[in-house]
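Q: Mind looking over this structure? Questions follow.
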Amino acid sequence: MAPQLTLQAPLELPPQEVPDYLNRLWSEGLKEEGGAATFTLVVWEPSWLQQQLIRTGRIDGPISGLLNEPLLQAAREAVGQLGLPASTAPTAPELAWALGQQPGHHSADDLRGQFVDRAISAHQPRRLITLAPTLAADRPLETLVAAYCPLSDERSGGGDACGDVVVLRGGMGALQQGLPMLQPLIAAELPCWVWWNGSLDESPELLEALAVGPRRLVLDSSLGTPRRCLDVLVERIAGGQAVNDLNWLRLRTWRESLAMVFDPPSRQSALQHVVQLDIDVEGQHPVKGLLLAAWIADRLGWHLQNSSWLEADTGTEGRGILAEFQRGDGQTVQFRLMPVPVGVSKTHPGALVGMRLICAPADRAPLCVILCSESGGCMRLEAGGVASMELAEEVVPLPNESEEMEMARLLGGGHDSTNPLLASAATLAAKLLPS
């Protein structure tokens, strides 16, 4: 949490009094401080995993909504204890659901939304609104408000940096009933971001109500069933909404590493002669691998011909995806995405283990490019006759940044429209996923 000067400590108010109270707070009580003319950030923060780990006694509180190492370690231990596949990511919704079937009645203080993360605080949000659903479905709606200013090392405009936080906490039904109070809290003259920090499978009607245009939507396509994740991406982008996908942002180092491999002039021409693309992912969530494949295909001008499920073979875990593209010169590119077993899964579902790109220029020996993650090996991709090819192999540096850091990067960049590379890749990735 960033160093802050608390102007108004967290105060619980009846929901209907919150809008008027905040208006009076800034126009009367804090008139001299003023408020930052920046943006509003609305966060859906269910934190089901953290709530369930605390309820079952696997970690201590408070409920913060943040992913930290003790939480991830406890989640990985629970994967084995509950008999889930080893490749199940600690943030996978199915783990939180499985924990929900276990006994336990531990409780802890719920601090979700009451403080502004350091990375986000640096961008001086005018208002941070957090919706914090509780495990108890019948819990009534509670609303808390607070006002703060970042301290001098983070401020750029004196009192103009000050903002406030609003927390809506309660059961799902209570939160639904409390949605009408949000509208007067979101200033029409300021940009508004909606961060759906949970599974895209849950509460589609609430997502629909929160993420209305022209609000900018931030989601994570690694959380939820693959078809639902890609459909939401495609539908929102097609509707003209500014959409950012944290799962797409995590591909940054993979795209940069691949570009660097082909940066030497001697290799650039080989990109026009790709004949095979293989991608290995952790577990049964192919979206990240499909987004990478779609980005490559779009950049190289390939056209999708067909796509189908591929039954598991030795050394893989579950069904893969087999597709065929046609290059601009009419030649065929074979694509295969396979789920592979891993010893320790990364934080998010469907993380990339490795990728292989084989080029076959007519006037030189074939080129095989293999990229792999730091924690995953490339042995499976090194098989299959690549010893007879020119081999370029790189380990992709994986950033270890929190969701809050990625969100802060988005806030700092503006992004009032969807990245055109994401827009093209999402549309093609949705077609790559077989029915």
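Q: Starting from the stretch 387-404, take each residue that is on the phi < 0 side of the Ramachandran plot and list its partners that are surrounded by fewer than 16 Cβ atoms within 10 Å (Cβ to Cβ) and among the aliphatic types (A, V, I, L, M), counting only C-beta distances under 6 angstrom and pairs at least six apart or across chains.
A: Listed pairs, sorted by first residue: Glu390/Ala365.
Q: Separate question: For Asp416, indicate whether it is free of Cβ contacts under 8 Å to residues at least 60 places away in the same chain, more than 30 Å from Glu77 (Cα to Cα), open to solvent by 60 Å² or more (accessible area, probe 1.4 Å) and out of contact with any Cys (no Cβ under 9 Å at 6 or more places or on another chain).
A: No, not satisfied.
Q: Just to be sure I understand, how many residues within the stretch 171-211 are assigned to a loop (DSSP other than H, G, I, E, B) and loosely packed, with under 13 Cβ neighbours inside 10 Å?
A: The qualifying residues number 2.
Q: Here is a further query. Out of everything in the stretch 45-100 that is acidic (Asp, Glu) and under 21 Å from the mean Cα position of the chain (by Cα), what residue ends up being least open to solvent (accessible area, probe 1.4 Å)?
A: Glu45
Q: Here's a follow-up. Restricting to helices (runs of 4 or more DSSP H) lying wholly in the stretch 222-327: which have 1 or more residues that are among the polar types (S, T, N, Q) and open to solvent by less than 10 Å² (accessible area, probe 1.4 Å)?
A: 246-249
Q: Shifting gears a bit: Specify which of the listed residues (Glu401, Glu374, Glu382) is at pLDDT below 90 and in contact with a Pro (Cβ under 9 Å, 6 or more places away or on another chain).
A: Glu374
Q: Any residue at all in the stretch 73-87 that's among the β-branched types (Val, Ile, Thr) and under 27 Å from Gly163 (Cα atoms)?
A: No, the stretch 73-87 contains no residue that is among the β-branched types (Val, Ile, Thr) and under 27 Å from Gly163 (Cα atoms).
Q: Would the stretch 392-414 turn up any residue that is over 30 Å from Trp195 (Cβ atoms), among the acidic types (Asp, Glu) and more than 17 Å from the chain's Cα centre (by Cα)?
A: Yes, because at least one residue in the stretch 392-414 is over 30 Å from Trp195 (Cβ atoms), among the acidic types (Asp, Glu) and more than 17 Å from the chain's Cα centre (by Cα).
Q: Related question: Report yes if Ala423 is touching a strand residue (DSSP E or B) at 6+ places or on another chain (Cβ under 9 Å) and among the small types (Gly, Ala, Ser), otherwise no.
A: Against the criterion (touching a strand residue (DSSP E or B) at 6+ places or on another chain (Cβ under 9 Å) and among the small types (Gly, Ala, Ser)), Ala423 qualifies.
Q: Taking the stretch 212-221 as the region of interest, how many residues are in contact (Cβ under 8 Å) with a residue 40 or more places away in the chain and open to solvent by less than 20 Å² (accessible area, probe 1.4 Å)?
A: Summing the residues that are in contact (Cβ under 8 Å) with a residue 40 or more places away in the chain and open to solvent by less than 20 Å² (accessible area, probe 1.4 Å) in the stretch 212-221 gives 3.
Q: On the basis of being of a type in the set (Val, Ile, Thr), part of a loop (DSSP other than H, G, I, E, B) and at pLDDT 95 or above, does Thr91 make the cut?
A: Yes, satisfied.
Q: Here's another thing I want to ask about it. Being without any contact (Cβ under 8 Å) to a residue 40 or more places away in the chain and within 15 Å of Trp44 (Cα to Cα) is the filter here; which residues of the stretch 183-200 pass it?
A: Residue satisfying the conditions is Leu200 alone.
Q: Same structure again: Limited to the stretch 419-435, what total is found for residues that are modelled with pLDDT of 90 or more, small (Gly, Ala, Ser) and either open to solvent by 30 Å² or more (accessible area, probe 1.4 Å) or farther than 24 Å from Arg227 by Cα (or both)?
A: Total meeting the criteria: 1.
Q: State whether the residues of the stretch 328-338 include one that is among the charged types (D, E, K, R), assigned to a loop (DSSP other than H, G, I, E, B), more than 14 Å from Ala293 (Cα to Cα) and at pLDDT 95 or above.
A: Within the stretch 328-338, one or more residues are among the charged types (D, E, K, R), assigned to a loop (DSSP other than H, G, I, E, B), more than 14 Å from Ala293 (Cα to Cα) and at pLDDT 95 or above.
The values are calculated or read from the model by the stated rules, or taken from the named source; none is laboratory data. Worth saying up front: this structure is predicted, and the values here are computed from it rather than measured. We place every Cβ from the backbone using ideal geometry, glycine too, and count neighbours over all the protein chains shown. Surface areas here come from the heavy atoms of the whole protein model, side chains and all, with no ligands, DNA or RNA. Shrake-Rupley method; radii C 1.70, N 1.55, O 1.52, S 1.80 Å.
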